[in-house]
Amino acid sequence: MSQTQAAVTPSVPFDTIGSWEAENVTAAQVERALSELRRHEERAALRTSVLTLVIVVGSTDEAGEHLDVVRHLGARHPSRTLVLVLNDEDEAESRLDASVSVCVVDRGGRQVAVEEMVIGCHGPARFHLDSLVLPFTLPDLPVAVWLPSSIPSKGDPLIETADRVVVDTRVVGWQPDALQRLHSLIHRVAITDLSWWRLKPWRNLFAGLFEGHMYRPFLRTVQSLEVTGHPGPRHLLAGWVMSRLDLPRSVIHLGDAEHLSIKLVASHEGRRGRFEVVRKGEERVIDASVEIDDGPSFQQKVQIGEEWQSRSLADALGHMGHNETYEAALEAAMGLLH
């Protein structure tokens, strides 16, 4: 077995009902092998996929890790999953090594069939992924391309195959041009940012601090907004507040921190208000608070769930259109880069 075909062991029990693997094959051979696996197995005869999911990684270990994330989705988003492993070796000849599996998972007492393909791309083949992907896309179903550790360039032909591109700004936010490259894509294709979905508890809690006639007026006179955290997520969170409140760049302050926090200072009728949503330490708890000078105060602790990547991915794949709120936040975040 080649490195590309090393066993991918899931932590989620799938019943593999047929598999095939070979080295130095063509896309047509892989497609025929997949059809044969389905034709000879009654449980796979009815296709139940709701999308084609393409994952682009740089190693076999990454292939196993991210295929396992998809398997955690279970029957929620059954898909034909194509994992492309890009080999970095400078080989003159193109070569594809492939492994194919057809699996079933229980969905409310009914068995759902899913298809998995891991294809190692060697040599020039790794520069023509669009032509490799197209034969495996399911007709009349959306195509999502997931890039776990990179953001494609605007001219990447792989984008032409996608209805949605899935990225993670927490992973790539440290790269100097990550947000610029992401911004250049939003007018070409719908973007799912897994970091944006993980920000949901902070966004909901922060917005909730201003509910009611007592606190909402403070939004009219914002004096400062401080957002700390990792590059990427902190830019998006600050950009979200900027875009919603039409704040000037001069009141925004960003800083590095292990965990995300957002603090807003504002005034109303001569009183100062401090509004905070902060995660302190390693506990999976977010503290939300309001303090008004000579006025009411409010405190709340919210437990956040375990950070399963599959949960963010499942939420993201449930929304295949453009996310205008996210795109406005990204647009505003561009002004925070300098």
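Arg279: surrounded by 14 or more Cβ atoms within 10 Å (Cβ to Cβ) and within 27 Å of the chain's Cα centre (by Cα), yes or no?
Details: surrounded by 14 or more Cβ atoms within 10 Å (Cβ to Cβ): yes; within 27 Å of the chain's Cα centre (by Cα): yes.
So Arg279 fits the description; yes.
Based on what the data block shows, is Val133 aliphatic (A, V, I, L, M), closer than 18 Å to Ala333 by Cβ, in contact with a strand residue (DSSP E or B) (Cβ under 8 Å, 6 or more places away or on another chain) and at pLDDT 90 or above? Can you show your working first?
Details: aliphatic (A, V, I, L, M): yes; closer than 18 Å to Ala333 by Cβ: no; in contact with a strand residue (DSSP E or B) (Cβ under 8 Å, 6 or more places away or on another chain): yes; at pLDDT 90 or above: yes.
No, not satisfied.
Residues are listed down the side, and each one gets a yes or a no for (1) buried (at least 21 other Cβ atoms within 10 Å of the Cβ); (2) farther than 24 Å from Val69 by Cβ; (3) touching a residue at least 12 places away in the same chain (Cβ under 8 Å); (4) not charged (D, E, K, R):
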{"site": "Cys121", "(1), (2), (3), (4)": "yes, no, yes, yes"}
{"site": "Phe127", "(1), (2), (3), (4)": "no, yes, no, yes"}
{"site": "Val145", "(1), (2), (3), (4)": "yes, no, yes, yes"}
{"site": "Pro148", "(1), (2), (3), (4)": "no, no, yes, yes"}
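If you check every pair at least six apart or on different chains, which have Cβ atoms under 6 Å apart with a residue in the range 96-115 that is farther than 15 Å from Asp68 by Cα first and a residue that is among the small types (Gly, Ala, Ser) and at pLDDT below 80 second?
Partner pairs satisfying both residue conditions: Asp97/Ser2; Arg107/Ala75; Val112/Ala75; Ala113/Ala44.
If you go through the range 228-252, how many residues are farther than 19 Å from Gln175 by Cα and in contact with a helix residue (DSSP H, G or I) (Cβ under 7 Å, 6 or more places away or on another chain)? Write out each step before concluding.
So the first thing to find is which residues in the range 228-252 are farther than 19 Å from Gln175 by Cα, and the list is 240-252.
Then drop every residue that is not in contact with a helix residue (DSSP H, G or I) (Cβ under 7 Å, 6 or more places away or on another chain), which leaves 240, 242-243, 245, 247, 249, 252.
Selection size over the range 228-252: 7.
Which of the residues belonging to the range 213-226 are surrounded by fewer than 18 Cβ atoms within 10 Å (Cβ to Cβ) and within 14 Å of Leu236 (Cα to Cα)?
Matches in the range 213-226: Glu226 only.
Quick one: is Glu31 modelled with pLDDT of 80 or more, more than 26 Å from Ser150 (Cβ to Cβ) and within 29 Å of the chain's Cα centre (by Cα)? Reasoning before the result, please.
On the way: modelled with pLDDT of 80 or more: yes; more than 26 Å from Ser150 (Cβ to Cβ): yes; within 29 Å of the chain's Cα centre (by Cα): yes.
Yes; evaluated as a whole, the condition is true for this residue.
Report yes if some residue within the range 150-171 is over 20 Å from Glu331 (Cβ atoms) and either of a type in the set (Lys, Arg) or in contact with a Phe, Trp or Tyr (Cβ under 8 Å, 6 or more places away or on another chain) (or both); otherwise report no. Let's see the steps before the verdict.
Residues of the range 150-171 over 20 Å from Glu331 (Cβ atoms): 150, 155-158, 160-163, 171.
Still in the running and either of a type in the set (Lys, Arg) or in contact with a Phe, Trp or Tyr (Cβ under 8 Å, 6 or more places away or on another chain) (or both): none.
No, there is no match, as no residue in the range 150-171 is over 20 Å from Glu331 (Cβ atoms) and either of a type in the set (Lys, Arg) or in contact with a Phe, Trp or Tyr (Cβ under 8 Å, 6 or more places away or on another chain) (or both).
So that you can scan it fast, the table gives a plain yes or no per residue for (1) more than 20 Å from Glu324 (Cα to Cα); (2) surrounded by 15 or more Cβ atoms within 10 Å (Cβ to Cβ); (3) under 22 Å from the mean Cα position of the chain (by Cα):
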site: Glu211; (1), (2), (3): yes, no, no
site: Thr228; (1), (2), (3): yes, yes, yes
site: Leu237; (1), (2), (3): no, yes, yes
site: Ser250; (1), (2), (3): yes, no, no
site: Ala257; (1), (2), (3): yes, no, yes
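The values are calculated or read from the model by the stated rules, or taken from the named source; none is laboratory data. The model shown is predicted, which means the values in this text are computed figures rather than measured ones. Cβ: placed from backbone, ideal geometry, glycine included. Neighbour counts: every protein chain shown.
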